[in-house]
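To start, the structure under review is shown below, and the notes come after it.
The values are calculated or read from the model by the stated rules, or taken from the named source; none is laboratory data. No experiment lies behind these values; they were computed from the predicted model shown. Don't worry about glycine lacking a Cβ; one is built from the backbone with ideal geometry, like all the others, and counts go over all protein chains shown. Areas reflect the complete protein model, heavy atoms only, side chains present, ligands, DNA and RNA absent. Shrake-Rupley method; radii C 1.70, N 1.55, O 1.52, S 1.80 Å.
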Amino acid sequence: VRGNRVFLSEFKKMNQGFSRKFLLAPVFCLLFALGSIAYGDTDTGAEVAPEENIFTELRTELKKNYPGARIELNGTPRFTSGTYPFEDRAGFQSITFRGETARGELMFTVNPKDSKQREAQGWISFSAWVPARISQKRVHPGDRLTNEQFTTQEINVAVGRPRDYRGVILAADMDLATLEARQSVLEGQFLITTAVHKIPDIRRGDAVRV
């Protein structure tokens, strides 16, 4: 009888230990899963999707064409020939840029790594923003400029009139108090370098004492 009691006592201890381990197992599994997710979120070596690689290349090319501008890609690329990502999702070998349009569209061709895949030709709409001085009222030729006559705003030099004059837009940090107008500047227009010049120290007809 005593032996049976000892056996039953030991069996109860084993059963209680097994129950505790069985109940704790799901907790350990949950903690392990959460740890794996957290590690995956912070893993800097994760593979970048092919679509994101294209955006990086497009921004890099546009920054070369518009130095100092804030580049925005509007929407997603549209393909007129072929499709991307490629079927094997192996990414691309290179991107060939085929120019821009006056509507703010960058044309490009995606060249696949696998020669058996067909290249994809597409385009994407973009904006290139630069700060410029905008006139608050009409300025006449010969008028001296003041900083209060103008506001600083970003303009999109990828389209319209700003695109035509993007190479001669006056820097926004220029001190306007040292300049005067060479030609009329209408209200709402941005300043360009050919419309102003520095105020001369001596004008023709001024009396000069030597």
Open item on the list: Yes or no: segment 131-139 includes at least one residue that is crowded, with 18+ Cβ neighbours inside 10 Å, at pLDDT 95 or above and among the basic types (K, R).
Closed with: yes
Open item on the list: Tell me whether segment 171-192 contains one or more residues that are in a strand (DSSP E or B), in contact (Cβ under 8 Å) with a residue 60 or more places away in the chain and either touching a strand residue (DSSP E or B) at 6+ places or on another chain (Cβ under 6 Å) or closer than 24 Å to F97 by Cα (or both).
Closed with: no
Open item on the list: Where the second residue is part of a strand (DSSP E or B) and at pLDDT 70 or above and the first is over 26 Å from S127 (Cβ atoms) and lies in segment 83-105, which pairs have Cβ atoms under 6 Å and are six or more apart or on separate chains?
Closed with: F86/P112; Q93/N111
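Can you confirm whether segment 59-67 contains a residue that is over 30 Å from T178 (Cβ atoms), in contact with an Asp or Glu (Cβ under 8 Å, 6 or more places away or on another chain) and assigned to a helix (DSSP H, G or I)? Before you say what the answer is, go through the steps one by one.
Restricting attention to segment 59-67, the residues satisfying the condition of being over 30 Å from T178 (Cβ atoms) are 59-65.
So of that shortlist, the ones also in contact with an Asp or Glu (Cβ under 8 Å, 6 or more places away or on another chain) come out as 65.
Filter once more, keeping what is assigned to a helix (DSSP H, G or I): 65.
Among the residues of segment 59-67, at least one is over 30 Å from T178 (Cβ atoms), in contact with an Asp or Glu (Cβ under 8 Å, 6 or more places away or on another chain) and assigned to a helix (DSSP H, G or I), which makes the answer yes.
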Task: Residues of segment 140-152 satisfying the condition of being farther than 12 Å from Q189 by Cα and open to solvent by 50 Å² or more (accessible area, probe 1.4 Å) - done: H140, P141, D143, R144, T146, N147, E148
